[in-house]
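Written out below as structure tokens is the structure these notes cover.
The values are calculated or read from the model by the stated rules, or taken from the named source; none is laboratory data. None of these values were measured; they are calculated from a predicted model. Because the Cβ atoms are built from the backbone with ideal geometry, glycine has one as well, and the counts that use them run over all protein chains shown. SASA here: full protein model, heavy atoms, side chains in, ligands and nucleic acids out. Shrake-Rupley method; radii C 1.70, N 1.55, O 1.52, S 1.80 Å.
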Amino acid sequence: MIKKVPQKLFAAIAMLSIAYCANAQSPTAPAQGFNVFAEGNLALTTNESEGPVACGGDLTLKGNYQVAIHNAGNFTVGGVKIGLLVGGKVIYQSGNALQIGSNAYVKIGNNTGSYAWYYDQNNAASPIRITPSSNYDSSPRIMLQASAPNLGVSSANNPVFQSNLLDFSSAFQTMRAKSLSISMCTGNAQLTNPNGQSIPTTNLPGQVKINLQDGINYLNVSGSDMNNVQIFTYNQQPSASKILVINVNAPGTFNWNVWNQSGVSFQSCPYIIYNFYNTTQLNIQGGNAVEGTIFAPFAGITKTANQANIEGQVIAKSFEQAGGE
């Protein structure tokens, strides 16, 4: 699943800076705490996101997906937490439903082809639905846990269809500048081979260990070198005092065969960030989990063959998930 990043991440990476590699704000702060934050289009097939999801373009429903299953986030409109925010319209392609949990609400900028149901066809206060036709039970559909009376909403008061709630263009302009700035920070990561012998950060072997020092550890690595590594072992757990920033130099299209990481727990994932600062298309492959946040504000991301989890936020120009969680 795409895991919700705890708020402590935003403080943990607070030292990253535009000019000095030290900043009072997380590079992902403009994403407003959304678990998935895409500037453009979003396509969802399977399976779920633990936190809220937002895109500035169109959302295509291509299967069965769940949003905000454990956390509705902190972005509110009229005092109601928004689990799904779509800047454009919804395209109903296939599947049964996209379900929104945690009693969260939905906002859609363009109502073309969508019907919002605050009450069902019998005028009962059933859970809110957004459907592609004038049938409460039509599919694929967007299904909420909450009813209109529960949330205090209606077609006249805080309606589903509302545009211009987030300036995605401005947010991504800021994040792209931060991505480029972070990429220029001097590498200071200490790598070793399995025998503990120090090695450079180029021409990496199949097995690599990292010694995390106090502060921010910058690992500046090429995409090809990162794909050479099959097992990446942490000798110390990433933490608020030992942050890892991986600057990935992989221009253009990059097929990322995610390495197997050992010596790291889910509790450490908030302190790991992958900065894809010059990638324009990122294809996530292989069967290993991504332990940390994917910060790729210049890239479209496709995750179609990888059955493993992403244990962090996803920041992307566009995002398609069809395989794994």
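Between Asn135 and Asp120, the contour length at 0.36 nm per residue exceeds the alpha carbon distance by 4.5 nm. Counting only protein heavy atoms and using a 1.4 Å probe, the accessible area of Met143 comes to about 40 Å². Once both labels are positioned 7 Å from their Cα atoms along Cα-to-Cβ, the gap between Gln237 and Phe266 label points is 1.4 nm. In this structure, the pairs whose alpha-carbon distance is over 26 Å, taken from Lys62/Lys178; Lys89/Lys303; Lys107/Lys178; Lys242/Lys317; Lys107/Lys242, are Lys62/Lys178; Lys107/Lys178; Lys242/Lys317; Lys107/Lys242.
Our summary gives the chain a relative contact order of 17 percent, counting only alpha carbon pairs under 8 angstrom and 6 or more residues apart. The convex hull of the Cα atoms of the stretch 149-238, projected and averaged over all directions, covers 10.5 nm². With a 1.4 Å probe rolled over the protein heavy atoms of all chains, the accessible area of Ser114, Ser134 falls in the order Ser134, Ser114, largest first. Helix 168-183 and the longest principal axis of the C-alpha atoms of the chain enclose an angle of approximately 10°. Across the accessible surface of the chain, with the other protein chains kept in place and a 1.4 Å probe, carbon and sulfur atoms take up 44 percent. Checking [x] 38, 19, 16; [y] 43, 22, 20; [z] 40, 24, 18 against semi-axes √(5λ) of the Cα gyration tensor in Å calculated from these atoms, the matching label is [x]. Shown here is the pair-distance distribution of the stretch 73-221: with all Cα-Cα distances grouped in 5 Å bins from zero up to the longest one, the shares run 2, 8, 14, 15, 11, 7, 6, 6, 8, 9, 7, 5, 2, 0, 0 percent. Kirkwood radius for the stretch 102-172, taken over all pairs of different Cα atoms as the inverse mean of 1/r, rounds to 12.9 Å.
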